[in-house]
4 protein chains.
Amino acid sequence: MKSSFGQSVNICIAGESHGEALVAVLSGLTPGIKIDMDYIRHCLSQRAPVGKISTPRHEADEFEILSGVFEGHTTGTPVTILIRNTNTKSKDYSEMASAARPGHADFTAEAKYHGFQDFRGGGHFSGRITAVLVAAGAIARLALKNKGIEIGTHIAKCAGISDRYFENVAEDIKALNNKCFAVLSDESAEKMQAEILKASEEGDSVGGVLETVVSGLPAGLGEPWFDSMESVLSHFLFSIPGIKGVEFGSGFAVADMKGSEVNGELRIENGKIVPVNDLSGGINGGITNGDILKFRCAVRPTPTIFKEQKTVDMKNLENKTLCAKGRHDPAIVHRVRAVVDAATAITLCDMMAQRFGTDWATK
Amino acid sequence: MKSSFGQSVNICIAGESHGEALVAVLSGLTPGIKIDMDYIRHCLSQRAPVGKISTPRHEADEFEILSGVFEGHTTGTPVTILIRNTNTKSKDYSEMASAARPGHADFTAEAKYHGFQDFRGGGHFSGRITAVLVAAGAIARLALKNKGIEIGTHIAKCAGISDRYFENVAEDIKALNNKCFAVLSDESAEKMQAEILKASEEGDSVGGVLETVVSGLPAGLGEPWFDSMESVLSHFLFSIPGIKGVEFGSGFAVADMKGSEVNGELRIENGKIVPVNDLSGGINGGITNGDILKFRCAVRPTPTIFKEQKTVDMKNLENKTLCAKGRHDPAIVHRVRAVVDAATAITLCDMMAQRFGTDWATK
Amino acid sequence: MKSSFGQSVNICIAGESHGEALVAVLSGLTPGIKIDMDYIRHCLSQRAPVGKISTPRHEADEFEILSGVFEGHTTGTPVTILIRNTNTKSKDYSEMASAARPGHADFTAEAKYHGFQDFRGGGHFSGRITAVLVAAGAIARLALKNKGIEIGTHIAKCAGISDRYFENVAEDIKALNNKCFAVLSDESAEKMQAEILKASEEGDSVGGVLETVVSGLPAGLGEPWFDSMESVLSHFLFSIPGIKGVEFGSGFAVADMKGSEVNGELRIENGKIVPVNDLSGGINGGITNGDILKFRCAVRPTPTIFKEQKTVDMKNLENKTLCAKGRHDPAIVHRVRAVVDAATAITLCDMMAQRFGTDWATK
Amino acid sequence: MKSSFGQSVNICIAGESHGEALVAVLSGLTPGIKIDMDYIRHCLSQRAPVGKISTPRHEADEFEILSGVFEGHTTGTPVTILIRNTNTKSKDYSEMASAARPGHADFTAEAKYHGFQDFRGGGHFSGRITAVLVAAGAIARLALKNKGIEIGTHIAKCAGISDRYFENVAEDIKALNNKCFAVLSDESAEKMQAEILKASEEGDSVGGVLETVVSGLPAGLGEPWFDSMESVLSHFLFSIPGIKGVEFGSGFAVADMKGSEVNGELRIENGKIVPVNDLSGGINGGITNGDILKFRCAVRPTPTIFKEQKTVDMKNLENKTLCAKGRHDPAIVHRVRAVVDAATAITLCDMMAQRFGTDWATK
């Protein structure tokens, strides 16, 4: 029942979609990391709605850093990020107070909180809260950059359209981090957006798959068993609303392959051991092997749709039908990209701190 | 760097493949759970090698309960399970001491432990350690049975062969728990075993997909964000050696579907709200909705194969080739089944204890 | 390196003495606890400076609840409390930037944060941060009151003057909770205040001992070993700046007594087992016995004094002398009282939630 | 409800006084620490009964290391220590099954475990379990010795008799670690033992105070607030049966002093900042200052006494009287010494690992 995650580096979040504000506290960061406010804004912009394929609810996402930064650097004590909600239209939700939206947490919140939950816009369950996660993740990414560690995520698939594979990882990461709609192939990007628009016009929504790579990680991060790199990353990733699958390396595809295809090799290069063609995503036995870390997340279609759905009135315990109103995304996969980057960054900072101690990012 | 997992109910494990013994400590269980030794042995038998499709290393898996059980019931204090290793043939591994086996943790262990790791048979990274997990999980399952909660896992796919889908969940769970090779369709089971044997004869190995269902869970378990049911379950599942993907409900398939297809409905039945045709695996917003819990795990092919592989000598930093000797499984998916059941049971006990308090299993 | 504490109920804090704001996130509380804003203000007033015996820095301590409360009740999701710093005079501290104040954390902060710490007014180490703890604690106390659990703390000793012992615990708790200077005997209170004033005039400071009692706790809270009631309470209490000793029951005095004097008895009263004259503070084997919980905390004299002290310049690594300027308390024991109450309340909510589940406070 | 403690270095314990065995799992230790079996035995001998002043129950305390040590060094994976109970006389306790011994955990165990607890000899609450803690602590001390960190504890007071103060800390630590009855002054030691014997002859028991010093610790260990050095150490110390008070530096005495007396100074010595005459026990703001770490623990008199005591029969809910039988210590303070050393060592390893990373003990 904690609202925090992480051991040596820890993140705590709070807030509701239509409440006063969203808050994240990021603790355990190395002191002396230079804060680049523009970079944080840049990361937040990658979570912002994109033109017609996103919700018309636009939030300025003006963040304030309330603690943990002094004279432009992290102090080493907890960093607090505050984002006030400004553009809330709670009236739109009033008639939904007792109608459970299918696919949403409305009914499970009722089962857990007995009617005391803030139902407006999904309350604490809303993807809105990820705004502060992204801001905190941006600071974590600045720490990782100090050690040459870079993260990039693309939409590998959306509404049935696939992006191309990673080719030059360094260049691809760079390109992705300059895109709002993170697709490597421009042609695929256009097709995906067209499909999202089409679904939107039908009052429906689409899902997708995000693929993330991390370069520059040392071998030796993670633990056997319960703190395996896969365990800790998936724990955070599955906390992001809408993620229903996580796979490392070739993931579920590996299940259909032979051992001889999956194993890859090890080789001596420049006096160091390097893995080659290993399909495990850069992790063996829960521990990084120095190769590119690679994983994929399945993102479900937005549950809010503008089609009539059968559901219940939770107060009167009656069946009823519901058709969404308000402002909603016909797809969230492109916006979840920034959240996956943030989750990855915070988790990797934690793993680095556990392995190399508090001062890992500056020493 | 903890070797334990869980909050209100916690599991701690230790041991190595060719060390003295394996140990699990399971703490936080409700006092008064009746211990059924035969049931624990039954669960262990489902992890044991199966005929020709498994390693010829047979361990009696004689376990001892060293603490936490008194006069046939759990006391509420930590339960310790000990299994001594008896059938260890370390000589087979001696020449592998410095040769890193591709796909294994040999190289990552070297990167982390600098040569001090017990390299014999994978040491602490070995699937062998799961024997005590399965025994601990059996006790957790006895606690869940007290509340009518049942777990069943089948091999949904192996070496390209698919099992049938779940039909009558209660009956299918019952059937699976009486099978050593957990496939619902006998025809599929035969085909899978034939494929495993074929791979074995080629000196190769195959992977698969396990699908798990849980019946009888109340709505309201799990938390929004970091302690979501998906987060906590995946954390444990990804700690099991060989698991490279976890998905809930329709998982990655949902990524290609429309919101209107995925959402399902809610309905009043006998005065209670029930979800119908929801494809989220029984979890919305991280919290159980009272429906059948459903998830799938991708299990990679055993990395140890009898084909020549390119690798390195870690001591002399030289390239070399390696061909496995010793005793190995051409597939582990059928044995991992028992471990997934155990991981699920322990995690669900923890979630029940957090929600309903210490005495949840008997009150 | 987490800035949070607690398992089922958890508190996370952030902020600096002269930073933008202080933040606390309290998570895991039972949904449906009625929020009494006046009571929170009342608890904060007990932490506020008292007349001449406290610092002239007066903060309005206007708090905002940013999340977790909806329509006047807790939602069950994280409650965020924000207090902005308004009355900061950082100039007073500028010349102290490199001078380590003896008895303070200035030097240890330097050793840990390498010059990046916010040195103004003690930064993150300042007792100022306890303001949000007290507000969070007030909400925890409201939850406990739902179950008839009441907390009271008095200044058992200050500057050599002792208060009287507890007599009628229920009445004494009530009386204490209406006092700003929490002393049971008015005569002792006057003497203590006179001593504090005298020390203040000498530019010095005094310490004291706080004694806390809790009524209404059920038997059976806490665990053997690492989560003993003493362990968890002392963990929180020792995080409060200035506390250098914690003892339960007769504490250090018990060390000089015989077993026959300490043990007390057990007796049947109204068909229930009750402890009588037990000097263990209501805890045996780490678990509450249903008696009044009782412990004492030693509070050191404020380290900031207006006498010349020998210290060092941390930048130039030179010896120097220092005489405090700015606004400081000649004693903090009377203000720490409110923080001890808050720490106790949050810890007990956690212990209740672990024992009885999420809904403990309302069911 | 976890039976484990620690973040980067973690200890898990299990077992009962009259059960099969005691088990400790120590995880997160640096790989490559040389194991000195004689040193572990030596530490265990300091917890063993001493002549006439201890229980006649003598246990060989033959321990087995079941995992985590390979070729004489720690592997970096979990170390398991097993001690079988051999000299159990459960019959002596049979008539006590339903009689709650005053001062013991019998009644609180009943309140928590509803009759399922192993009541024999205190079960899981017994000081007997500390045997494995001491063995695990010995290994932790070997790690600390690698970095020049040494721990020493003396009986500062017992049955009203005081030991002399520490003089030359290095020499005093050395002397203490060669003593079974850890008193610096031989004259005081004799007087204490005489008092213990006298209490024993009266069928009564006595308590005492242990004082611990640690040399060689770097400045900068611990965190502000919840993971302060005092918080983490006291958490572990209060889990040791019989400890009812913990104080750092001058502790409760500081409460009667002036700020000018307590503060001490800082000084430049050999180009480094060093604290002088600081009475805070080597900790400011929760973080070590590089000075000798110093704290004291109050140890209550053994609750088992051979005098008639009033108590209850828990099954029949009747008042009754009880007079102890069996084998018991008239004092435990001299045996608890080894447990305090162990708890301190394990906690400090954790703090070092958090600060400097996994390899802190060998790099």
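The values are calculated or read from the model by the stated rules, or taken from the named source; none is laboratory data. Since the model is a prediction, treat every value here as computed from it, not as a measurement. So basically every Cβ, Gly included, is an ideal-geometry build from the backbone, and we count neighbours across all protein chains shown.
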Notebook entry, point to check: How many of the residues in the stretch B:254-273 are outside any loop (DSSP other than H, G, I, E, B) and either within 15 Å of A:His104 (Cβ to Cβ) or in contact with a strand residue (DSSP E or B) (Cβ under 8 Å, 6 or more places away or on another chain) (or both)?
Noted result: 12
Check: Taking the stated definitions as given, is B:Ser260 hydroxyl-bearing (Ser, Thr, Tyr), modelled with pLDDT of 95 or more and surrounded by fewer than 24 Cβ atoms within 10 Å (Cβ to Cβ)?
Finding: no
Next item on the list: Look at A:Arg41 and say whether it is among the basic types (Lys, Arg), more than 8 Å from every other protein chain (Cβ to nearest Cβ) and buried (at least 18 other Cβ atoms within 10 Å of the Cβ).
Entry: no
Checklist line | Selection from the stretch B:104-133 of residues that are out of contact with any Gly (no Cβ under 7 Å at 6 or more places or on another chain) and in a loop (DSSP other than H, G, I, E, B) | finding: B:Gly115, B:Phe119, B:Ser126
Check: Is it the case that some residue within the stretch B:211-227 is in contact (Cβ under 8 Å) with a residue 60 or more places away in the chain and within 18 Å of B:Val50 (Cα to Cα)?
Finding: no
Check: Which one of these does D:Thr311 not meet: (1) more than 8 Å from every other protein chain (Cβ to nearest Cβ); (2) of a type in the set (S, T, N, Q); (3) under 29 Å from D:Ile196 (Cα atoms)?
Finding: (1)
Notebook entry, point to check: Residues of the stretch B:265-284 being among the hydrophobic types (A, V, I, L, M, F, W, C) and farther than 14 Å from A:Val312 by Cβ, which ones?
Noted result: B:Leu279, B:Ile283
Note to self: Take the residues in the stretch B:74-95 that are part of a loop (DSSP other than H, G, I, E, B) and buried (at least 18 other Cβ atoms within 10 Å of the Cβ); name whichever of them is modelled with the lowest pLDDT.
What the structure shows: B:Thr88
Check: Does B:Ile287 satisfy the criteria of being buried (at least 21 other Cβ atoms within 10 Å of the Cβ), within 29 Å of A:Pro102 (Cβ to Cβ), at pLDDT 95 or above and β-branched (Val, Ile, Thr)?
Finding: yes
Margin query: Quick check on A:Val183: is it in contact (Cβ under 8 Å) with a residue 12 or more places away in the chain, among the β-branched types (Val, Ile, Thr) and either part of a loop (DSSP other than H, G, I, E, B) or surrounded by fewer than 19 Cβ atoms within 10 Å (Cβ to Cβ) (or both)?
Written below: yes
Next item on the list: Can you tell me which residue among C:Glu261, C:Glu265, C:Glu230 is under 22 Å from D:Phe125 (Cα atoms), out of contact with any Pro (no Cβ under 7 Å at 6 or more places or on another chain) and within 7 Å of another protein chain (Cβ to nearest Cβ)?
Entry: C:Glu230
Next item on the list: Name the residue, out of A:Ile151, A:Ile173, that is under 30 Å from C:Ser27 (Cβ atoms), more than 14 Å from chain B (Cβ to nearest Cβ) and either touching a strand residue (DSSP E or B) at 6+ places or on another chain (Cβ under 9 Å) or not basic (Lys, Arg) (or both).
Entry: A:Ile151
Next item on the list: Check whether at least one residue in the stretch D:68-85 is of a type outside the set (Phe, Trp, Tyr), within 14 Å of chain B (Cβ to nearest Cβ), over 28 Å from D:Lys147 (Cβ atoms) and out of contact with any helix residue (DSSP H, G or I) (no Cβ under 9 Å at 6 or more places or on another chain), and report yes or no.
Entry: yes
Item checked: Tally, over the stretch D:3-29, of residues that are more than 9 Å from chain B (Cβ to nearest Cβ) and assigned to a loop (DSSP other than H, G, I, E, B) -> 2
Notebook entry, point to check: If you check B:Ile332 against the conditions, is it within 10 Å of chain A (Cβ to nearest Cβ) and farther than 30 Å from B:Arg267 by Cβ?
Noted result: no
Note to self: Condition first: in contact with a helix residue (DSSP H, G or I) (Cβ under 7 Å, 6 or more places away or on another chain), facing another protein chain (nearest Cβ under 8 Å) and in a loop (DSSP other than H, G, I, E, B). Can you find one or more residues in the stretch B:58-67 that meet it?
What the structure shows: no
Check: Quick check: anything in the stretch D:298-309 more than 23 Å from D:Gln117 (Cβ to Cβ) and among the β-branched types (Val, Ile, Thr)?
Finding: yes
Next item on the list: Would you mind finding the one in D:Glu16, D:Glu64, D:Glu71 that is closer than 30 Å to D:Ala199 by Cα and either of a type in the set (Val, Ile, Thr) or at pLDDT 95 or above (or both)?
Entry: D:Glu16
Margin query: Being at the interface with another protein chain (Cβ under 7 Å from one of its Cβ atoms) and either surrounded by fewer than 24 Cβ atoms within 10 Å (Cβ to Cβ) or at pLDDT below 95 (or both) is the filter here; which residues of the stretch C:206-226 pass it?
Written below: C:Val209, C:Ala219, C:Gly220, C:Phe226
Checklist line | Counted residues, the stretch A:190-199 - those being buried (at least 21 other Cβ atoms within 10 Å of the Cβ) and farther than 23 Å from A:Phe252 by Cβ | finding: 3
Check: Within the stretch B:233-253, can you find the residues that are more than 7 Å from chain A (Cβ to nearest Cβ) and either in a strand (DSSP E or B) or without any contact (Cβ under 8 Å) to a residue 24 or more places away in the chain (or both)?
Finding: B:Ile243, B:Ala253
